[in-house]
Amino acid sequence: MKKGDSHRGNDNGEKMTLVLNTLEGDYSEQIKELLAKKNSEVEIVNTAEMKIAHCVGCNMCWLKTPGVCAIKDDYEIILKKIVKADNLWVVADTKFGFVDYRGKQVLDRIVPMLNMYIEIRDGWERHQLRYHPLNFGVIYKGNGNKELLEEWSMRVARNMAGKSLGVIAMDAPQTNANGNVAETAMGTATETAAGAAMGIAAETAAALPEHIVILSGSPRVKKNSNTNKIIQAFTEGLEAAGITHKLYSLSNRTEWDEAREAFLTNDNIIIALPLFVECLPSLLLEFLSTLPTKRPQPAKLSFILHGGFDEGHQLRLCEKFLQTLPAQLGCTFGGTLVRGGSFMLRMWDNSYIRKMTDKMLAAYTEMGKSFSLNGNFFTPEAKKFTGYEKNPKIGVLLFNLIFKRIVKKNFNRMAQEWGCTRPLDDKPYGE
Ligand SMILES: Cc1cc2nc3c(=O)[nH]c(=O)nc-3n(C[C@H](O)[C@H](O)[C@H](O)COP(=O)(O)O)c2cc1C
């Protein structure tokens with residue numbers, strides 16, 4: 001056992017495994033059986049009985065009260081257990097082939113396990129660990145897309161500097177009348193969406209938008225949301241081309257009924273969303289799961305996907321998942337505009353950074369104009385818009401030599417302005 005690990009595991013030095021069961025009901029026996037070969041000491045927490053809210057992306061756990069979530073609910077009990085664990089499993093039902101919003105919710109709230117500081121780890125931009133590496137796995141019920149869940153599990157684990165423990169289906173695969181394994185909703189949807197993507201170029205000219213419904217999928221309040229800034233810039237481009245729009249912010253639950261109605265009665269819809277723990281924010285997953293799968297009239301659904309880190313690759317799994325959604329909601333697919341580096345949009349007052357964010361927002365305005373002309377995000381300019389997939393070697397070198405320290409200093413200054421009185425890498429729950 002490494003120095004510093006001594007508080008984790010049992011007296012025999014066995015690793016401590018925490019299971020968050022987000023299913024309603026007690027599945028303890030089945031879970032223990034599924035994990036019997038993999039883990040010896042297992043603690044199961046049934047979260048369906050607990051009060052757990054969606055992460056609202058307020059950044060308090062990074063910049064104001066390092067390591068402590070601002071939402072005062074039962075998740076703090078869970079967080080304290082995660083700090084003591086080596087392995088984390090989430091047991092969840094599935095929706096749209098992915099974990100449902102309850103399963104995603106307990107992951108979105110895990111962010112205090114990391115701190116604000118950024119480093120390049122295993123070749124990618126990462127947040128520093130606040131505590132220790134954590135392995136991660138998924139046990140799912142229902143019709144999940146195993147391949148997608150496996151990649152998600154691996155990505156989540158790597159963010160925590162751990163390994164994927166794998167993905168386990170609780171139910172036996174469903175077979176059809178011929179005895180063949182039934183296709184998952186995702187598999188079918190992926191093909192339908194890909195087909196729609198191909199067909200869309202031909203129908204584009206006839207389907208240019210006049211009015212667009214835009215849903216902001218950010219859980220953060222509108223005035224503080226980077227997604228909202230991006231939407232503002234994008235719609236300037238639409239307006240310049242004479243296209244009207246109506247925006248609904250899902251962070252405000254009182255807008256949900258109207259947003260649902262608008263989704264069902266309009267033919268051109270864009271959902272703009274921030275990347276949360278490698279996929280959709282749990283709040284957006286919850287909203288989507290309240291939509292009927294059949295709609296009264298066809299519609300085209302496109303996405304604007306952005307995330308904190310700069311590298312395009314960080315957003316690709318979520319992009320893959322988004323491609324499957326329109327068909328599952330009775331829509332055709334209008335493509336996804338993908339770009340990282342959005343973390344700083346709302347936060348900086350430094351003039352150099354302001355220049356960079358202004359440039360980024362101006363680029364979104366151009367994409368608004370492009371969408372007006374093409375009606376989708378399948379264009380070469382949309383593809384190019386992402387920028388680089390991975391930091392070039394020279395970028396990594398410069399980051400490690402120069403920028404890392406500057407970024408750290410800026411984060412410290414920002415924290416001071418937020419009234420933070422603790423170091424940003426504080427460990428409030430031990431170690
Ligand atoms: C809970 C949470 C999880 C996040 N996960 C990721 C991630 O996996 N990858 C990434 O690049 N950015 C991630 N981010 C950063 C956000 O995508 C980014 O800050 C975005 O600009 C937030 O937009 P908003 O202000 O509209 O919510 C995460 C942020 C939060 C709060």
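Overall size of the stretch 335-431 from C-alpha positions, given as principal axis extents largest first: 53, 31, 31 Å.
Value of Rg to Rh for the stretch 227-311, rounded to two decimals, is 0.96; Kirkwood radius and Rg both from alpha-carbon coordinates. Calculated mean residue ellipticity at 222 nm for the chain: -11000 deg cm²/dmol, from DSSP H runs with n ≥ 4 weighted as -39500 (n - 2.57), summed, divided by the residue count and rounded to 500.
Per-residue counts of other Cβ atoms within 10 Å, averaged by peptide: what ranking do you get for 415-421, 337-343, 367-373, highest first? Display every interim value, and only then the final one.
Values: 415-421: 13.6, 337-343: 21.9, 367-373: 20.3.
Packing proxy ranking, top to bottom: 337-343, 367-373, 415-421.
Full extension of the chain between residue 254 and residue 358 gives 34.3 nm of extra length, using 0.36 nm per residue less the Cα-Cα distance.
Its alpha carbons considered, the stretch 16-169 gives a radius of gyration followed by a Dmax of 14.9, 42 Å. Along its principal axes, the chain has C-alpha extents of 69, 64, 43 angstrom, given from the largest down. Per the Debye calculation on the stretch 185-385 with a single equal scatterer at every Cα and no solvent contribution, log₁₀ I(q)/I(0) for q = 0.08, 0.13 Å⁻¹ amounts to -0.24, -0.65.
Would you kindly give the portion of the calculated P(r) for the stretch 25-88 that falls above 17 Å, as a percent of all Cα pairs?
Working: 1098 of 2016 pairs.
Pairs farther apart than 17 Å: 54 percent.
The label point for residue 261 and the one for residue 388, both projected 7 Å from the Cα toward the Cβ, are 4.9 nm apart.
For the stretch 16-169, the relative contact order is 23 percent, taking Cα pairs closer than 8 Å that sit 6 or more residues apart in sequence and dividing their mean separation by the residue count. Quick one: of 222/359; 80/222; 229/383; 51/294, which pairs are farther than 25 Å apart, Cα to Cα? Beyond 25 Å between Cα atoms: 80/222; 51/294.
For the pair residue 224 and residue 150, label points projected 7 Å from Cα toward Cβ lie 3.9 nm apart. Segment residue 58..residue 239, full-extension length gain: 62.1 nm, with 0.36 nm per residue of separation and the alpha-carbon distance subtracted. Each label was represented as a point 7 Å from its Cα along the Cα-to-Cβ direction; for residue 417 and residue 15 these points are 4.1 nm apart.
Put simply, the amide H of residue 139, placed in the peptide plane, has neighbours under 5 Å in 90, 91, 92, 168, leaving out anything fewer than 5 places away on its chain. For GluC sites (Glu not before Pro), no site in the stretch 303-367 is both called loop by DSSP and has at most 15 other Cβ atoms within 10 Å.
Could you tell me what percent of the DSSP beta bridges with both partners in the stretch 16-169 are antiparallel, to the nearest 5?
Numbers: 7 of 30 bridges.
Around 25 percent of the beta bridges assigned by DSSP in the stretch 16-169 are antiparallel ones.
Read-outs: derived from the displayed coordinates by stated rules, not from any lab. Everything quoted here is computed from the prediction, not taken from an experiment. Glycine gets a Cβ as well: all are built from the backbone with ideal geometry, and neighbour counts include every protein chain shown.
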